[in-house]
Amino acid sequence: MNFDDILKYQSTDLKLRRVYDEIEKSDLNKKLETAKAKFNAAKHNVEECGRTAEALLGNIATAEKSYEDAAAKLAAYAAEADNAPEESLNELISRLESLRGRLGELEKRLGDIKARADKALKAYIESNKQGKEMREQYNSTKVKLDQLKQSKEPEITALKKELGELKKQIDPKLMEQYNALIGEGKVFAFVEAVRVDKDYSCRGCGVILSQTQKSELEEKGWCRCETCRRIIYKKGK
């Protein structure tokens with residue numbers, strides 16, 4: 001079996017894959033993904049701050065209403081104490097002290113809510129700022145990445161055209177085998193046999209061929225590796 005055409009196809013296909021890898025693994029692509037991830041994180045934080053703020057507003061309204069009611073009662077109790085008979089003063093004083101304690105708790109609660117609100121507001125401002133910065137970074141990086149892709153387009157087009165011409169000369173069954181191996185993640189689907197003393201090894205995985213494979217290789221000029229399933233060919237056969 002003649003492997004010249006499929007080997008040329010494999011070489012050209014590898015060149016095309018390297019161009020795509022150059023784009024995919026470029027710092028620009030990494031920077032784009034980082035900016036996107038940070039933008040999404042900032043967006044999530046902003047949404048969380050919004051939900052926190054909404055909950056805090058409800059807590060503030062409830063606490064303020066309780067504080068106002070308690071303050072009104074305190075004023076009423078104080079007025080009542082001014083005209084109350086002496087025998088009821090102790091009971092009124094007890095109620096006043098209890099109400100003052102409640103007011104103190106409510107005041108502390110409002111202070112805690114305010115501190116949480118300030119923290120949420122600060123986080124909102126910071127996340128909003130980061131989101132804006134990451135959006136700008138994403139957009140500027142995308143422009144540069146698009147420029148890189150555009151600069152590689154002539155090379156990609158030429159390699160694709162070359163692959164199309166080579167494919168016309170290759171046996172469809174051989175092409176099918178190549179595509180199947182590439183689909184399995186084998187970068188080199190067809191590899192040359194490597195002479196090791198009186199034996200051969202697969203250049204793809206390095207495993208020494210069995211006696212059956214060796215015989216098949218010497219008779220037909222090719223065999224399939226039992227370990228990695230690549231097609232092994234003998235040069236010049």
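The values are calculated or read from the model by the stated rules, or taken from the named source; none is laboratory data. These numbers were taken from a predicted model, which means no experiment stands behind them. Cβ: placed from backbone, ideal geometry, glycine included. Neighbour counts: every protein chain shown. For accessibility, only protein heavy atoms count, side chains too; no ligands or nucleic acids. Shrake-Rupley method; radii C 1.70, N 1.55, O 1.52, S 1.80 Å.
Taking R51 as the residue in question, decide whether it is open to solvent by 60 Å² or more (accessible area, probe 1.4 Å), part of a helix (DSSP H, G or I) and either in contact with an Asp or Glu (Cβ under 7 Å, 6 or more places away or on another chain) or under 30 Å from C223 (Cα atoms) (or both). Reasoning before the result, please.
Values: open to solvent by 60 Å² or more (accessible area, probe 1.4 Å): yes; part of a helix (DSSP H, G or I): yes; either in contact with an Asp or Glu (Cβ under 7 Å, 6 or more places away or on another chain) or under 30 Å from C223 (Cα atoms) (or both): no.
Answer is no for this residue.
If we scan segment 165-186, do we find a residue that is of a type outside the set (A, V, I, L, M) and over 26 Å from L16 (Cα atoms)? Talk me through it step by step, then tell me what you get.
Going residue by residue through segment 165-186, those that are of a type outside the set (A, V, I, L, M) are 165, 167-169, 171-173, 176-179, 183-186.
If we keep only those that are over 26 Å from L16 (Cα atoms) as well, we get none.
Looking through segment 165-186, none of the residues is of a type outside the set (A, V, I, L, M) and over 26 Å from L16 (Cα atoms).
Residues are listed down the side, and each one gets a yes or a no for (1) surrounded by 14 or more Cβ atoms within 10 Å (Cβ to Cβ); (2) in contact (Cβ under 8 Å) with a residue 60 or more places away in the chain; (3) in contact with a His (Cβ under 7 Å, 6 or more places away or on another chain):
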residue	(1), (2), (3)
D146	no, no, no
I170	yes, yes, no
C202	yes, no, no
I208	yes, no, no
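Among the residues of segment 187-199, write down those that are within 35 Å of the chain's Cα centre (by Cα) and at pLDDT below 90. It would help to see each step written out before you state the result.
Narrowing segment 187-199 to residues within 35 Å of the chain's Cα centre (by Cα): 187-190.
The one that is within 35 Å of the chain's Cα centre (by Cα) and at pLDDT below 90: V187.
All but one of (1) open to solvent by less than 50 Å² (accessible area, probe 1.4 Å); (2) farther than 30 Å from V191 by Cα hold for K36, so report the exception by its number.
Failed condition: (1).
Residues E68, E48: which one is of a type in the set (D, E, K, R) and over 26 Å from the mean Cα position of the chain (by Cα)? Walk me through it before giving the result.
On the way: E48 fails: over 26 Å from the mean Cα position of the chain (by Cα).
None of the others qualify; the one that does is E68.
Which of the residues belonging to segment 151-198 are closer than 26 Å to E219 by Cβ and basic (K, R)?
Hits for segment 151-198 are K173, K186, R195, K198.
Quick test for you: out of D13, D27, D21, D5, pick the one residue that is loosely packed, with under 12 Cβ neighbours inside 10 Å and under 30 Å from A180 (Cβ atoms). Can you show your working first?
Details: D13 fails: loosely packed, with under 12 Cβ neighbours inside 10 Å; D27 fails: under 30 Å from A180 (Cβ atoms); D5 fails: loosely packed, with under 12 Cβ neighbours inside 10 Å.
The match here is D21.
From the list K234, K198, K214, which residue is over 23 Å from E176 (Cβ atoms) and open to solvent by 50 Å² or more (accessible area, probe 1.4 Å)? Outline the logic, then answer.
On the way: K234 fails: over 23 Å from E176 (Cβ atoms); K214 fails: open to solvent by 50 Å² or more (accessible area, probe 1.4 Å).
Answer to the check: K198.
Mind checking which residues of segment 11-40 are touching a residue at least 40 places away in the same chain (Cβ under 8 Å) and of a type in the set (G, A, S)?
Within segment 11-40, S26, A35 qualify.
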